[in-house]
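Just so you know, all these numbers are worked out from the coordinates, no wet-lab data involved. A quick note: this is a predicted structure, and the numbers were derived from the prediction, not measured. All Cβ positions, even for glycine, are placed from backbone atoms using ideal geometry, and neighbour counts span all protein chains on display.
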There are 2 protein chains.
Amino acid sequence: MRASELFFPTLREVPAEAELPSHRLLLRGGFIRKLAAGIYSYLPLGWRVLRKVEAIVREEMDAAGAQELLLPALHPQELWMQSGRAAKYGADLLRLTDRGERDFILGATHEEVITEVVRQEVGSYRDLPVVLYQIQTKFRDEPRPRAGLIRAREFIMKDAYSFDRDHAGMDLVYDRMEKAYERVFDRCGLEVVKVEAEAAAMGGTEAKEFMMLSEGGEDLVFICPSCGYAASGDMADYAPPEEAAVPAAGLRSVEKVATPGMKTVEEVTRFLGVDAARLIKTLIYRADGKPVAVLVRGDRELNEGKLVRALDTTNIEMADAGLVQEVTRAAVGFAGPVGLSAPIIADFELQTGADYVTGANEDDAHLMNVNVGRDFQVAQWAGLRRVVRGDACPHCATGLDEHRAIELGHIFKLGTFYSDALDAHYRDEDGGQCPIIMGCYGIGVSRIVAAAVEQWHDNNGTMWPLGIAPYHCAVIIVNTKEQAQRDLGEEVYRRLDEAGVEVLLDDREQSPGVKFKDMDLVGIPLQVVVGKRAGEGLAEARRRGQKGADYLNAEQVVAWVTEQLRAAGLEK
Amino acid sequence: MRASELFFPTLREVPAEAELPSHRLLLRGGFIRKLAAGIYSYLPLGWRVLRKVEAIVREEMDAAGAQELLLPALHPQELWMQSGRAAKYGADLLRLTDRGERDFILGATHEEVITEVVRQEVGSYRDLPVVLYQIQTKFRDEPRPRAGLIRAREFIMKDAYSFDRDHAGMDLVYDRMEKAYERVFDRCGLEVVKVEAEAAAMGGTEAKEFMMLSEGGEDLVFICPSCGYAASGDMADYAPPEEAAVPAAGLRSVEKVATPGMKTVEEVTRFLGVDAARLIKTLIYRADGKPVAVLVRGDRELNEGKLVRALDTTNIEMADAGLVQEVTRAAVGFAGPVGLSAPIIADFELQTGADYVTGANEDDAHLMNVNVGRDFQVAQWAGLRRVVRGDACPHCATGLDEHRAIELGHIFKLGTFYSDALDAHYRDEDGGQCPIIMGCYGIGVSRIVAAAVEQWHDNNGTMWPLGIAPYHCAVIIVNTKEQAQRDLGEEVYRRLDEAGVEVLLDDREQSPGVKFKDMDLVGIPLQVVVGKRAGEGLAEARRRGQKGADYLNAEQVVAWVTEQLRAAGLEK
């Protein structure tokens, strides 16, 4: 391709709206353009990168035995009602009504639709297993689209779904997908961390996320520097206290204090002049229809996924004001464990510490000096709160590190959540009807494009890994007015092209500075500069971002480039 | 690929809803499945065919110098307001509102968006020309989705757009696209007819459609069997009468008759007992703000595109009842040319015939024996009506044939319609602002899949052209219980695969009848049957649909298959 013909409008100035390097550089390099909030056009260079990521994903999916198809973007809303996700996703879904007043949802993901397709076609156990995938545009009405392709409202995903007779079959596919994902990220030149992820909230049994550590990420992951344990912020566990440490003696007596209108942890602690760690938060939930009181320390955040796992049900919801009143005989903000009839589940951190402040189950009142065991009984201890930096690793008790990260992939043992909801059954050998065991496996294809820039860039622009670079090599004619430079540039271009190298010839009538800046900005990994020594048949060859260069003749340039490609596993 | 693992749920029974062969056979062969009216999933086999069509289109677009990108499906409604197409498309557009109450349209086509993108990036004449294309899902809320992939609500198109300094530049791209399209259809194995198409309604200067003649089509094309003139039903012209043939003498006198409540051609002709060909329809339009009366014979249908071209304006609309009353001093249904002050444009067919019936410009009255020239004057003669079978070819006066057809492609010299509406300008050498000259070029990618089946099928199923077949070759093991058959089948499969042939091994434990029927139904072009003579190392090789077969050994099978591919231009 000739740069003089390529549509890649580069920008010198930094777009004001863009904070993250990937957002800035993808805009500046002419890879993408914004049409509306969270909605981007992929210009030719960006689309080339995206198609390379797609091709890698496709090859690895095919190699893993998955079959490609394409499902519609328009989903009848009924399907999402059946799964319950129409409500769960709420305003995150883009909805529309057709001319016949039928309601549709724009596909945010495709579990319902693929389950519906497979349900209709799979009769017996002989039709299983089957693994299907697609690479497709998804739509989510993100409340805060941000960071360009990192969190867009219209984006491209690979989503795969597996259908098996039993959990053992699903486990096999899951393992195969995990390995395929590792190869995908490796071929894309990305370093990722595999972390344990939340599965129980959707009735699943196991899930992993593929995370790229990055300051610009909006997810948190916790990693044990000692044993390597790694988990998402939603999932990360912490070790229980080594032993219960409530002092047996020296405890003060319970004392009721007036806390008029003080409902939040902040209000109560400020009013009483105590630290939030001295407070017990009492949260009333309805689990499987019955009230339950959930206790965590005042400075902690309940993790609902952990509550779901501890209670072994996906059917939980926070109590409304009416139920709180009924259970505690007080307004919201004054619940406490003392004298409560509902069963109590408590974070095991509360096995330590003493003389806590709690609500008094009475309007405008709290209790001081409340102690577990003495003043109330706990029906179940569990890890219920979100982990924080420094918490003890659940495996080796080392303090956990906290990192920001970008989620790039996700594998998930779904089990029967969707097959139950949508009646996707198969007949086993005995003629019995069994729910199909499902897994789902996603990769953020367009997000990888941005993530690659987050991981690979410098002050001058993007630095694409060879495997997904828009072109492998840029041949820059420094001065197009010089016949010798033009001739050598064209010759090198032709030879590289004939050798199967993806090469961009910068033949533009621009100043050398503009051309060097542009080629650095668009981040072509291999650069061949045809300048002053063109008369001797020599050009400078270097990798993007490297200082210094070797003078090579045309033949040597081709040998050097093909060697670089070979070393990167891109045989030419 | 092994058929035992492939997800291709074939159907024995003919789906009740499907009338056209392509619709029936794509469902029966497990290529597609319906999710909702006009909304289909592409199952693995259908998706393979579609991806092959995509690949052909992509190669030919790249070769024609177009650059691929991807534009969003979600379009801010403002853009469609600016072009006026939000109203023009009306209920055919799927619309939605995001959580911030902003209105979006799901892309039915992308002229507005691409013009917006290019407008922002193109500054000077140096940035032109540029030709951009995408292959993408489009959305149209068709009132009557039908025939499976022929007219769907969610479908895949290739749309290309060219941006040039001048008409000469656009003409070059247009010609290049025309040739690229011919290669695309040729490589897809489809015979198409190029026809002149309507361009003026969108302010364009020239357009062609690529039509596949087919009983199942919903478009009409008219072709001259003598000189080859071919045009779409909207565009087709007819020769004017050789000479004006209104008799100079013997005409009867005008006579007013009461026609109480008789407003339609049908009512008037029945009431007066005359043929519709004896009536003149007088239609009042507003063109560029001024009223004009348009005359066509009572049995003819006005073609608004022709009126647009004749009046040389895109700004026409049919008069409402108020304007009709104002111009004719009568209610709708009684307009006539006699005594009318508005200028009259008449179809030149009315240069022949005499003693016509017309409205009287008076409620409940018509005139008999009205004659052109004697009773009213025509300001402009033109071809204004839709052509009908047998009309005289505009080039050679031979009677035109009428065919039903499916539109597969469209090339269109748009001119400045969108660049004017969206302010897409460039600076010329002198610093002056000029509108960019645009062209657009569409191919119905998913429609090609259906069209190929319409053109290539028999009673047993699809008969894919080699260039777009889901697999080139099927190897059918007749009896998988026979070791010799299994061994030879596997060997042939392996050898073909190693030779780069796309091969499907039917290794299913099914009866031979089921396997033969399925492989015919899915229409794999080359069939290798491994049966009774497997012990001798021989298999039968034949093309799908051909009677008889040759017995070949494994090596000969590979030679035969590769020779077939080579003959079809698919080098392996």
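Based on DSSP H runs of at least 4 residues, each adding -39500 (n - 2.57), what is the mean residue ellipticity at 222 nm of chain A after dividing by all its residues, to the nearest 500 deg cm²/dmol?
Result for chain A: -8000 deg cm²/dmol, rounded to the nearest 500.
Is the shape of region B:386-501 rounded, prolate or oblate, going by the alpha carbon gyration tensor and its root eigenvalues a ≥ b ≥ c, with a/c under 1.5 for rounded and a/b larger than b/c for prolate?
Cα axes put region B:386-501 in the oblate bin.
If we hang a label 7 Å off Cα along the beta carbon direction at A:Asn369, how far is it from the matching labels on the other copies, in nm, shortest first?
Relative to the other copies, A:Asn369 has label-point distances of 12.2 nm.
Could you pull out every residue, at least 5 positions away or on a different chain, whose amide H is within less than 5 Å of the one on B:Glu68? Hs are placed 1.01 Å off N in the peptide plane, and Pro or chain starts have none.
The list, which skips near neighbours in sequence, is B:Tyr133.
Which value, in debye to the nearest 20, describes the size of the charge dipole of region A:147-300 about its Cα centre when Lys and Arg Cβ atoms bear +1, Asp and Glu Cβ atoms bear -1, and nothing else is charged?
660
By DSSP, what percent of the beta bridges with both residues in region B:386-535 are antiparallel, rounded to the nearest 5?
55
Among A:Thr269, B:Leu408, B:Phe348, whose Cα lies farthest out toward the positive end of the dipole of the protein assembly as shown, if unit charges sit on the beta carbon of Lys, Arg (+1) and Asp, Glu (-1)?
Towards the positive end, the residue furthest out is B:Leu408.
Provide the per-residue ³J(HN,Hα) series for region B:358-370, in order, calculated from phi with Karplus coefficients 6.51, -1.76, 1.60 and θ = phi - 60°, each as a whole number of Hz, with x at glycine and proline positions.
For region B:358-370, the Karplus-derived couplings read 9, x, 9, 6, 7, 4, 6, 8, 10, 10, 9, 6, 7 Hz, x marking Gly and Pro.
Please arrange A:Phe210, B:Phe31, A:Phe8 by how many other C-beta atoms lie within 10 Å of their C-beta, fewest to most.
Exposure proxy ranking, most exposed first: A:Phe8, A:Phe210, B:Phe31.
Test of understanding: what is the full-extension gain from B:Asn460 to B:Met81, defined as 0.36 nm times their sequence separation minus their Cα-Cα distance?
Result for the pair: 131.5 nm of gain on full extension.
What do you get for the angle between helix B:44-63 and the principal long axis of chain B? Use alpha-carbon atoms, 0 to 90 degrees, nearest ten.
Roughly 70 degrees, rounded to the nearest 10.
Along region A:12-22, what does the Karplus equation 6.51 cos²θ - 1.76 cosθ + 1.60 (θ = phi - 60°) give for ³J(HN,Hα), rounded to whole Hz, x for Gly and Pro?
7, 7, 7, x, 4, 6, 9, 9, 6, x, 5
Using the alpha-carbon atoms, what tilt in degrees (0 to 90, nearest 10) does helix B:445-455 show relative to the longest principal axis of chain B?
The two axes meet at around 80 degrees.
Each residue of region B:484-490 in turn: what ³J(HN,Hα) in whole Hz from Karplus with 6.51, -1.76, 1.60 and θ = phi - 60°, glycine and Pro shown as x?
So the J values, rounded to whole Hz, are 4, 5, 4, 5, 5, x, 5.
Given charges of +1 on the Cβ of Lys and Arg and -1 on the Cβ of Asp and Glu, with all other atoms neutral, how large is the dipole of chain A about its Cα centre, in debye to the nearest 20?
In total the dipole reaches around 1440 debye.
Put a point 7 Å out from Cα along the line to Cβ at A:Cys434; what are the distances to that point in the other copies, in nm, shortest first?
In nanometres, ordered from closest: 7.2.
What net charge do the residues around A:Met211 carry, taking every other residue with its C-beta under 9 Å from that of A:Met211, with Lys and Arg at +1 and Asp and Glu at -1?
My count for the surroundings of A:Met211 gives -2.
Could you list log10 I(q)/I(0) for region A:180-333 at q = 0.19, 0.20, 0.21 Å⁻¹, which the Debye formula gives when each Cα is one point scatterer?
Once normalised to I(0) and log-transformed, intensities are -1.29, -1.33, -1.37.
From zero outward in steps of 20 Å, how is the percent of C-alpha pairs of the protein assembly as shown spread across the bins?
Pairs per bin, as whole percents: 10, 32, 33, 19, 6, 1, 0.
If you fit an axis through the alpha-carbon atoms of helix B:167-187 and take the longest principal axis of the Cα set of chain B, what angle between them do you get, 0 to 90°, nearest 10?
Between the helix axis and the principal axis of chain B, the angle is about 40 degrees.
Name the residues of region B:125-141 whose amide N is less than 18 Å from a point 7 angstrom out from the Cα of B:Asp428 along the C-beta direction?
Answer for region B:125-141: B:125-130.
Report the Cα centroid-to-centroid distance between region B:523-539 and region A:251-282 in angstrom, as an integer.
Cα centres, region B:523-539 to region A:251-282: 84 Å.
Near the axis that takes chain A to chain B, which A residue has its beta carbon closest, and at how many Å?
A:Leu96, 2
Before anything else, pin down the relative contact order of chain A: Cα pairs under 8 Å, at least 6 apart, normalised by residue count, whole percent.
RCO, chain A: 17 percent.
From the square roots a ≥ b ≥ c of the eigenvalues of the alpha-carbon gyration tensor of region A:315-376, which class results: rounded (a/c under 1.5), prolate (a/b over b/c), or oblate?
It comes out oblate by the Cα gyration axes.
Considering only B:Ala236, B:Val338, B:Gly123, whose Cα is most displaced toward the positive end of the charge dipole of chain B, charges sitting on Cβ of Lys, Arg (+1) and Asp, Glu (-1)?
Projecting each Cα onto the dipole axis, the largest value belongs to B:Ala236.
Net charge around B:Glu5, counting only other residues with Cβ within less than 10 Å of its Cβ (Lys, Arg = +1; Asp, Glu = -1)?
Around B:Glu5, the surrounding residues sum to +1.
Please work out the C-alpha center-to-center distance from region B:318-341 to region A:406-437 and express it in whole Å.
Between the Cα centres of region B:318-341 and region A:406-437 lies a distance of 68 Å.
Which order results if B:His395, A:His425 are arranged by neighbouring Cβ count within 10 Å, fewest first?
B:His395, A:His425
Within chain B, what is the longest stretch that has no GluC sites (Glu not before Pro) placed in a DSSP loop and near at most 14 other beta-carbon atoms within 10 Å?
Counting at most 14 other Cβ atoms within 10 Å as exposed, the longest clean stretch of chain B is B:302-428.
Suppose you put the label 7 Å out from Cα in the Cβ direction; list, shortest first and in nm with one decimal, how far B:Ala397 is from each other copy's label.
So the distances to the same position in the other copies read 10.7 nm.
Work out the charge dipole of the protein assembly as shown with +1 on the Cβ of Lys and Arg and -1 on the Cβ of Asp and Glu about the Cα centre, then indicate which of A:Leu94, A:Phe7, B:Gly203 is farthest towards its positive end.
A:Phe7
Order of A:Leu11, A:Leu466 from fewest to most other C-beta atoms within 10 Å?
The fewest-first ordering by Cβ neighbours comes to A:Leu11, A:Leu466.
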